Amino acid sequence: MQSQLTVARLRDRLPEILTALLAGSAGVAGSYAAAGFTPGFVVAPIEGFLARTMPGVVVTFAIQTLGSLGQQLSLLTAIALAVVAFSSLVGIGIVVGARLDSPWVAALLAGALPWGVTTLLTGDPVVALGAGLPPTLVVAVEGIFRSVRGADDADVSPGRRRVVESAVALLGIGGLATAFGSRQQPSAGQSLDDPSTPTPADEAGSEETDQQPTETPSERERLLAEADEKSLDLPGMDPLVSEKFYNVDINAVDPEVNADEWSLTVTGAVEQEVTVDYQELRSMASEDRFNTLRCVGEKLNGHKMDNALWTGVPIQQFVDRAGPKGSCECVMFRAADDYFEEFPLAALEDGFLAYGMNGDVLPKGHGYPVRALVPGHWGEINVKWITEIEILDKEAEGYWEKRGWHGTGPVNTVAKIHSIQHLDDGRIRVGGHTYAGTRGIELVEVSTDGGETWAEATLSEPLPGDDVWRQWMYTYDPPDGEHEVVARATDGTGTLQPKEEANAFPSGPSGWVSTTIKP
Ligand SMILES: Nc1nc2c(c(=O)[nH]1)N[C@H]1C(S)=C(S)[C@@H](COP(=O)(O)O)O[C@H]1N2
Ligand SMILES: [Mo]
């Protein structure tokens with residue numbers, strides 16, 4: 001009885017509910033149109049909040065079973081929450097307007113409330129207009145229709161037709177917003193040496209404008225060409241410099257950091273705080289380094305391991321200048337996306353601050369303007385958008401360690417199998433990347449009989465650097481029928497990687513990669 005009454009009342013209110021939903025969705029779409037996929041989009045802070053407050057077990061489950069789909073799910077959830085929140089706010093506007101018998105108050109509130117909330121969440125009242133104007137428009141147009149048709153006819157349009165009308169309107173708005181919002185995407189790769197790339201040093205003028213880059217572009221080009229030459233060209237396998245570098249982020253939306261306003265400070269248990277800004281960093285003697293990254297959360301034979309040529313400066317000098325005096329010999333990195341990771345200070349000795357990647361200005365998704373590289377360690381302490389190096393006095397937990405992971409140490413050894421090729425002459429060629437962090441790779445062995453017998457694979461020529469992956473390949477005459485190929489690596493200390501398989505959680509994937517090959 002009670003619920004039937006509610007349903008009947010809801011049906012009476014269907015026009016208003018549809019208007020509120022349409023206007024609320026238009027607000028979210030408008031926010032995207034104005035901000036694009038940036039922190040100014042109202043969904044960004046909501047998704048960030050979801051990611052931060054999600055229990056560790058849920059996050060770990062999502063990483064292991066859903067992969068990047070997990071992040072898309074969290075983004076969809078955030079969009080749905082934003083639509084519900086905006087629609088409720090518009091609903092409040094409609095109710096208040098009806099009480100005051102003023103369609104204009106309804107329209108005004110319908111936009112002002114989402115605008116206010118978006119401003120509070122994103123801190124940008126101008127971009128937030130994108131969230132406020134569409135709901136006002138939708139509710140105003142609705143009010144005008146209503147008065148034109150006369151109050152009595154207002155609800156003549158049957159429920160189903162209104163639902164269809166609203167759905168069509170929503171699709172239109174969504175399409176427009178997508179077109180506008182995606183135009184806001186930052187343009188790809190600006191060359192580090194491009195004189196039109198505004199490094200603050202240029203803007204500073206005077207003597208600094210004449211400064212030559214410490215590393216000539218040709219040196220970077222030479223290194224990239226060397227990587228190209230040394231790459232084994234196998235189908236299904238990236239060359240030694242990855243064509244597409246993987247991404248792992250705690251938030252779906254990257255933070256936007258302005259290089260002119262960026263700085264990095266060494267804080268905490270130090271003699272004196274030391275701050276370096278982008279201009280100073282760019283004007284220091286730079287180095288180009290190959291450095292491989294691997295995510296602790298990837299699958300054993302996964303695709304979250306990549307290599308690039310990074311440009312930047314060694315990190316230790318800033319720590320030395322600050323004079324660390326903490327008693328735990330440990331350090332916390334902090335970043336503009338509220339990410340934080342703790343690890344032993346000793347790991348910083350070979351650490352690097354990178355502002356360039358493969359000859360381009362560091363892309364936004366990889367930490368623009370500056371990220372840290374900590375050779376030999378799991379990807380997670382290679383903090384992007386880095387802003388603070390805090391020398392600690394006692395141990396603390398990082399973002400992932402609070403969620404149960406142990407990903408601050410050296411990487412596990414791995415030999416992956418990403419390429420399987422049936423050659424014209426009947427032989428089979430297999431290959432993949434192999435990596436053991438700063439331990440280096442001494443040897444990769446392959447078995448084509450499930451681990452009974454082993455043969456040595458061919459390795460790609462090593463690239464310069466202390467933390468660089470290699471490729472391996474092996475060609476053989478296949479036995480009759482189905483057989484199992486296994487790969488295993490021995491690192492530079494002579495240690496064979498453990499055979500025992502382990503999932504990524506909590507300490508990174510481990511074990512020998514194997515695959516069944518059919519004739
Ligand atoms: N600020 C910040 N740094 C970060 C992360 C992040 O979410 N925020 N993810 C970490 C993880 S888990 C990995 S594996 C690497 C991935 O770097 P990439 O996205 O450039 O491949 O960045 C690390 N640094
Ligand atoms: Mo990671």
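Restricting attention to region 71-107, which residues are aliphatic (A, V, I, L, M), part of a helix (DSSP H, G or I) and more than 30 Å from the chain's Cα centre (by Cα)? Please lay out each step first, then the result.
Of all residues in region 71-107, those aliphatic (A, V, I, L, M) come to 73, 75-76, 78-85, 89-90, 92, 94-96, 98, 100, 105-107.
Still in the running and part of a helix (DSSP H, G or I): 73, 75-76, 78-85, 89-90, 92, 94-96, 98, 105-107.
Correct list: Leu89, Val90, Ile92, Ile94, Val95, Val96, Ala98, Val105, Ala106, Ala107.
Residues that are among the β-branched types (Val, Ile, Thr), part of a helix (DSSP H, G or I) and under 28 Å from Ala98 (Cα atoms) are absent from region 57-66 altogether. Within region 362-407, if we keep just the residues that are basic (Lys, Arg) and over 19 Å from the mean Cα position of the chain (by Cα), the residue that is nearest to ligand 2 (Cβ to nearest atom) turns out to be Lys402.
Looking only at region 291-315, how many residues end up being among the hydroxyl-bearing types (Ser, Thr, Tyr) and more than 15 Å from ligand 2 (Cβ to nearest atom)?
First, pick out the residues of region 291-315 that are among the hydroxyl-bearing types (Ser, Thr, Tyr): 292, 311.
From what is left, the residues that are more than 15 Å from ligand 2 (Cβ to nearest atom) are 311.
Result for region 291-315: 1.
Of all the numbered requirements in (1) exposed (fewer than 13 other Cβ atoms within 10 Å of the Cβ); (2) acidic (Asp, Glu); (3) at pLDDT 80 or above, Glu165 misses one, and that requirement is (1).
Among the residues of region 248-270, is there at least one that is within 30 Å of Gly431 (Cα to Cα), out of contact with any helix residue (DSSP H, G or I) (no Cβ under 8 Å at 6 or more places or on another chain), away from ligand 2 (no atom under 16 Å from the Cβ) and not in a loop (DSSP other than H, G, I, E, B)? Walk me through how you get there before you give the answer.
Of the residues in region 248-270, the ones within 30 Å of Gly431 (Cα to Cα) are 248-249.
Checking which are out of contact with any helix residue (DSSP H, G or I) (no Cβ under 8 Å at 6 or more places or on another chain) leaves us with none.
There is no residue in region 248-270 that is within 30 Å of Gly431 (Cα to Cα), out of contact with any helix residue (DSSP H, G or I) (no Cβ under 8 Å at 6 or more places or on another chain), away from ligand 2 (no atom under 16 Å from the Cβ) and not in a loop (DSSP other than H, G, I, E, B).
Can we say Thr453 is over 18 Å from the mean Cα position of the chain (by Cα) and without any contact (Cβ under 8 Å) to a residue 24 or more places away in the chain? Explain how you work it out, then say what you get.
Working: over 18 Å from the mean Cα position of the chain (by Cα): yes; without any contact (Cβ under 8 Å) to a residue 24 or more places away in the chain: yes.
So Thr453 passes the test.
Of the set (1) in contact (Cβ under 8 Å) with a residue 12 or more places away in the chain; (2) among the aliphatic types (A, V, I, L, M); (3) surrounded by fewer than 21 Cβ atoms within 10 Å (Cβ to Cβ); (4) farther than 15 Å from Asp249 by Cα, all apply to Val58 but (1).
Do we have any residue at all in region 349-361 that's farther than 20 Å from Pro509 by Cα, in contact with a Cys (Cβ under 8 Å, 6 or more places away or on another chain) and more than 10 Å from ligand 1 (Cβ to nearest atom)? Taking every residue of region 349-361 in turn, none turns out to be farther than 20 Å from Pro509 by Cα, in contact with a Cys (Cβ under 8 Å, 6 or more places away or on another chain) and more than 10 Å from ligand 1 (Cβ to nearest atom).
The values are calculated or read from the model by the stated rules, or taken from the named source; none is laboratory data. Nothing here was measured: the structure is a model prediction, and the numbers come from that model. Here Cβ is always computed from backbone atoms with ideal geometry, including for glycine, and neighbour counts include all displayed protein chains.
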